1. Quick check on segment 83-96. Is at least one of its residues modelled with pLDDT of 70 or more and either closer than 25 Å to P337 by Cα or in contact with a Lys or Arg (Cβ under 7 Å, 6 or more places away or on another chain) (or both)?
2. Which condition number in (1) part of a helix (DSSP H, G or I); (2) surrounded by fewer than 16 Cβ atoms within 10 Å (Cβ to Cβ) is the one that L270 fails?
3. Test of understanding: among P302, P307, P259, P248, which residue is under 20 Å from Q189 (Cβ atoms), modelled with pLDDT of 85 or more and over 24 Å from the mean Cα position of the chain (by Cα)?
4. State whether one or more residues within segment 273-292 are within 24 Å of the chain's Cα centre (by Cα) and of a type in the set (S, T, N, Q).
5. Among the candidates S339, S319, single out the residue that is under 23 Å from L256 (Cβ atoms), out of contact with any strand residue (DSSP E or B) (no Cβ under 8 Å at 6 or more places or on another chain) and at pLDDT 85 or above.
6. With respect to F179, determine if the residue is more than 30 Å from H292 (Cα to Cα), surrounded by 11 or more Cβ atoms within 10 Å (Cβ to Cβ), under 25 Å from the mean Cα position of the chain (by Cα) and of a type in the set (A, V, I, L, M, F, W, C).
7. Being of a type in the set (A, V, I, L, M, F, W, C) and not in a helix (DSSP H, G or I) is the filter; apply it to segment 140-149 and report the residue that is surrounded by the most Cβ atoms within 10 Å (Cβ to Cβ).
Amino acid sequence: PQHYYEAAEIDGANSWQAFRHVTLPLVSPTLFFLSMVAVIGTFKAFNHIYILRTPGARDSVDVLSIAIFDQIFEFHNAGYASAMAFVLFVAILGLTFLQIECSESACSMATRNALRGRAIWVYSGLVVGGLVAAFPFVWMLLASFMTRGETLRRVFTPESVQWANYYQAWKEADFGLYFENSLLVAVVQVLGTLFFSLLAAYPLARMEFRGRDTIFAGILATLMIPETVTMVPNFLTITWLHRTSPFPWLNSWPSLTIPFMASAFSIFLLRQFMRGVPNDLWEAARIDGAGHVRFLFQIMLPLCRAPLLTVGMFTFIGSWNSLAWPLLVTNTPDWRPISVGLQQFVSEAGAEVHLQMAGAMIATVPVLFTYFMIQKEFTEGISMSGLKG
């Protein structure tokens, strides 16, 4: 509130003192929340560590999620991997409850207008955060045009632009095959996720039945379970289906797409939007003789265009960036995605960083293109779905 800063000004506080003794305590719940999210994110870290590690440096860079992966994939020790996954789940669960408890106790201290009148601090923080977020991407772009010697010397800009890095990266890693695999898997997973999320979100939002809220709470609870924890039971299920089904599951598209077509976040996002749709539309549809199925596909589906595109965007990015799971369920390049192709530039002699960055830029283009095509609907889907109760 503004009167806090007015009182501080009357007491002779300067801008720094007002920030330290007024602003910082007010935003401390948010800072704590972000810190806990960052800590939980480090427990889930896998892709960038796995891609960049070299065989001789495993012990110094491996984390728990990679240790779980190695136990089941390299050493075939599913029991030990399951125990490690359970420990990881308990640790993240404890951190989540700690964050919720501390946030609820401190929530009354913060208000939406806490930073009003101190816009300079807000904009300064946004600028610094933007620069920090953009720096890795800028360095990746510049490194993709460097020679290997320049990357080893850790220079920031190349002496001359090496356009041949992109051609060399595409050919050496067989990016054509990996690109096609990633695109096919992403499209199938997006379509499946949209279909099943829509069918799951509608009854949770528009239908009354016993246990609805309990089911929804259980779905939300799965959001805090890291992928590494669910990887072990999913892999055991896929291997069982591969042995018993008439068609193969391993080294094929079903194992890469079907386990991820039920997305808790997608169900949550669509459910939140559907709850905000006026009930008058349902009443009018009932008068015209429409049931829930007809109402869903003829009225609700067109209204959900923005959140559906948002769900599709998140699903596409998740599928495009997947690494650990494709390494588990495939052992040939036939269905491996483009993220696996980036590993081709890491060997015993070290990483060919210039080619790896060129490959990363190639892998980034479809995601950026997709986002720019639907950025308006993407923003609307987040704002309209995430803020409704």
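1. yes
2. Tallying (1) part of a helix (DSSP H, G or I); (2) surrounded by fewer than 16 Cβ atoms within 10 Å (Cβ to Cβ), L270 fails exactly one: (2).
3. Details: P302 fails: under 20 Å from Q189 (Cβ atoms); P307 fails: over 24 Å from the mean Cα position of the chain (by Cα); P259 fails: over 24 Å from the mean Cα position of the chain (by Cα).
Selected residue: P248, the only one of P302, P307, P259, P248 that is under 20 Å from Q189 (Cβ atoms), modelled with pLDDT of 85 or more and over 24 Å from the mean Cα position of the chain (by Cα).
4. Within segment 273-292 (the criterion being within 24 Å of the chain's Cα centre (by Cα) and of a type in the set (S, T, N, Q)), the answer is no, since none of the residues qualifies.
5. Details: S339 fails: at pLDDT 85 or above.
When all the criteria are applied, what remains is S319.
6. Numbers: more than 30 Å from H292 (Cα to Cα): yes; surrounded by 11 or more Cβ atoms within 10 Å (Cβ to Cβ): yes; under 25 Å from the mean Cα position of the chain (by Cα): yes; of a type in the set (A, V, I, L, M, F, W, C): yes.
The answer is yes for F179.
7. Within segment 140-149, the first condition is being of a type in the set (A, V, I, L, M, F, W, C), and the residues that meet it are 140-143, 145-146.
Now narrow it down to the ones that are not in a helix (DSSP H, G or I): 145-146.
On the way: F145: 21, M146: 24.
Filtering first and then ranking leaves M146.
Per-residue answers, yes or no, for (1) more than 30 Å from M313 (Cβ to Cβ); (2) exposed (fewer than 15 other Cβ atoms within 10 Å of the Cβ); (3) hydroxyl-bearing (S, T, Y); (4) at pLDDT 85 or above:
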site: I120; (1), (2), (3), (4): yes, yes, no, no
site: Y123; (1), (2), (3), (4): no, yes, yes, no
site: P158; (1), (2), (3), (4): yes, no, no, yes
site: N165; (1), (2), (3), (4): no, no, no, yes
site: L184; (1), (2), (3), (4): no, no, no, yes
site: F196; (1), (2), (3), (4): no, no, no, yes
site: Y202; (1), (2), (3), (4): no, no, yes, yes
site: A205; (1), (2), (3), (4): no, no, no, yes
site: R210; (1), (2), (3), (4): yes, yes, no, yes
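The values are calculated or read from the model by the stated rules, or taken from the named source; none is laboratory data. Being a predicted model, the structure only gives us computed values, none of them experimental. Methodologically, a virtual Cβ is constructed for each residue, glycine included, from the backbone with ideal geometry; neighbour enumeration extends over all protein chains shown.
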